[in-house]
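Report on one structure; see the data block that follows.
The values are calculated or read from the model by the stated rules, or taken from the named source; none is laboratory data. Predicted, not measured: the structure shown is a model, and the values here were computed from it. In this analysis, Cβ positions are derived from the backbone assuming ideal geometry, glycine residues included, and neighbour counts consider all displayed protein chains. We work out accessible area using only protein heavy atoms, side chains counted, and drop any ligands, DNA or RNA first. Shrake-Rupley method; radii C 1.70, N 1.55, O 1.52, S 1.80 Å.
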Amino acid sequence: MRLIITTSITLTISLVAFFSWSIQNNTMEKRIDFSNSAEARNWIIVNDTVMGGRSQADLAIENDMLVFTGDLSLENNGGFASTRRIYSPLSWNSKETLEIKLLGDGRSYQFRLRTNRNADGIAYVANFTTTKGESQVLTFNLNDFSPQFRGRLVNGAPSLNFSDIAQIGFMLADKNPGNFVLRIEHIRQIPEII
């Protein structure tokens, strides 16, 4: 009995020391995955309907993936559908690469970051193109993002730092009306190995 207790105490102390070292050295992986359906509550839909457009979108978690699906419409001066994670922000590390694992539909999307909790304002945007029916792992560095406001480049915007991220999301605005589906398996930031 004494051996088991001693071993348990030693293991506990070792784990506490490891996690303490990992947190101090920012080596813990930051990750959004969709294995828990409650994660869907952190996301909202924002479509062109806010300005009279007619695009439709929906969100669900299926097979441990966030499924962003809908119909992009150009009617009534519309043309975008988006989703963003606005609740439970993570503490991302300032400069480490962001990685997305996804299953696409062959369309081009925007990966969008915001540094405030506002509904509108500057978004830091990186464009990417999916391959229909093919799983892809995409990586993004700070220099992949450009500051934009309603599709226009913003000169003189503050530099992006991943540790400032308050919202993270995806937008479809490729000017091609019709159905879309983007499946996200995870969004993560893996620590650099020093």
Find the residue count for segment 71-92, including only residues that are under 18 Å from the mean Cα position of the chain (by Cα), polar (S, T, N, Q) and more than 17 Å from Gln110 (Cβ to Cβ).
-> 2
For Ser35, work out the one condition from (1) closer than 28 Å to Pro191 by Cβ; (2) assigned to a strand (DSSP E or B) it doesn't fulfil.
-> (2)
Can you tell me how many residues in segment 48-72 are open to solvent by less than 80 Å² (accessible area, probe 1.4 Å) and touching a Phe, Trp or Tyr at 6+ places or on another chain (Cβ under 7 Å)?
-> 11
Looking only at segment 97-151, and only at residues there that are surrounded by 19 or more Cβ atoms within 10 Å (Cβ to Cβ) and hydroxyl-bearing (Ser, Thr, Tyr), the one that is nearest to Phe68 (Cα to Cα) | Tyr109
Residue ID - nearest to Asn42 (Cα to Cα), chosen from residues in segment 80-107 that are out of contact with any Lys or Arg (no Cβ under 8 Å at 6 or more places or on another chain) and among the hydroxyl-bearing types (Ser, Thr, Tyr) = Ser88
